[in-house]
Amino acid sequence: MASSITYTAVLDVRRATAEHLAELLRGHREQLGTRKGTRALGVFRQAVLVLRWFVDGTRLVQLARDNGVSVPTAYRYLHEGLTVLADHAPDLSTALERAAAAGYTHLNLDGTVIRTDRVAAAGPNGADLWWSGKHKHHGGNVQVIAAPDGWPIRVSPGREHDTTCARAHGLVDTLNRLAATLGVSTLTDLGYENAGPGFRHPVKKPKGGELAEPDQAFNAVIRGVHAVAERANALLKVTFKALRRVSLDPAAITRIARAALVLLQLEHGRTA
C-alpha cells in the first residue's frame, strides 16, 4: 500500500508531523547503520504506522495487514517509533527552563492514570503492581506538568500515589527549588499534600469539622486556577486514542506518554 494511501488514515494529523517523525526515524536508522533497502517499510510508511496506532488506536494486526508485514514486524516498528519519539521528549530541566523563559507565574501538576488491559502482576510488596485503588482498574500513573493555561510541557513516569511518584522522580525537589529561586509555585490537588513550600494546594478539611471562611475562599481560588490542569490530561487522551487504554506492556506506558507529548507539541508547534 503506497504511503499516499496509508496517510489517509491519519488525516487528523498534519502531514508535516508525519514527515518530522519520518526524519527522526531516518536519523535513527542512520545511527544504527541500517543499509538502504533492508527494511520492509520506508521511514514515512513506518511513521504513518506509528501515527495510526496513536491517533486511531488501530490494532497491530490491521497495521501489519495494511502494510504487508508480519505482526511481529509491525510491533517492532511501533516500539522503535515509540522509543525515537520518547527520546526527543524534554527532560525536566529543559521543560522548566522553557517555562521560566515564557515568564509563567505558576505551573500545574497533576497525575493521570492511563488504563491498561494487561493481566495483574505482583509488585515488590505483594500488591497488584498496576492496580489503581482510586480508579478501580489497572493502569499506570503519569505525572503531567502543565503551563498556566493547561498546555502539557513535561510528562514524568509514575505508578504509585501522586506524591510518591513525584518524589521518586525528582519532581518535588526540583519544583520546590523553582519556587525558591524564581517564585514560580506549582498548583496541585490534595494528592500532593505536604510536598513542600513550592506547592500550593487546597486546605484539607479537618476531621469532624468545617473549614474557616478564609480557607474556603482560598480553596475556591486554588481549585479554580488549578482546574485547567485537567486540560493537559485531556489534550493527550482525546488526541491519542492509544492513551485511553494501552494494550502493550504496562511498563511502556511512560514511554508512550512521552512519545505522545512530542507528537502533540509537533502537531501544534508549541513546546511551552
Being modelled with pLDDT under 85, open to solvent by less than 30 Å² (accessible area, probe 1.4 Å), aliphatic (A, V, I, L, M) and not in a strand (DSSP E or B) narrows it down to one of A166, A179, A95, A99, so name that one. A166
Which condition from (1) open to solvent by less than 10 Å² (accessible area, probe 1.4 Å); (2) not in a helix (DSSP H, G or I) is the one that T271 breaks? (1)
Identity of the residue in the stretch 102-120, part of a loop (DSSP other than H, G, I, E, B) and of a type in the set (S, T, Y), that ends up modelled with the lowest pLDDT: T105
Given the conditions (1) open to solvent by less than 10 Å² (accessible area, probe 1.4 Å); (2) more than 29 Å from I153 (Cβ to Cβ); (3) part of a helix (DSSP H, G or I), report the number of the one that L85 does not fulfil. (2)
Unique match (being more than 21 Å from the chain's Cα centre (by Cα) and in a loop (DSSP other than H, G, I, E, B)) among V61, V69: V69
Checked the stretch 79-91 for anything closer than 30 Å to E193 by Cα and in contact with a helix residue (DSSP H, G or I) (Cβ under 6 Å, 6 or more places away or on another chain); matches are A86, A89
Keeping to the stretch 194-224, report how many residues are loosely packed, with under 15 Cβ neighbours inside 10 Å and either of a type in the set (G, A, S) or in contact (Cβ under 8 Å) with a residue 12 or more places away in the chain (or both). 10
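For the stretch 188-226, how many residues are more than 18 Å from the chain's Cα centre (by Cα) and not in a helix (DSSP H, G or I)?
Residues meeting the conditions: 21.
The values are calculated or read from the model by the stated rules, or taken from the named source; none is laboratory data. None of these values were measured; they are calculated from a predicted model. Because the Cβ atoms are built from the backbone with ideal geometry, glycine has one as well, and the counts that use them run over all protein chains shown. Each accessible area value is taken on the protein alone, full model and side chains, heavy atoms only, with ligands, DNA and RNA left out. Shrake-Rupley method; radii C 1.70, N 1.55, O 1.52, S 1.80 Å.
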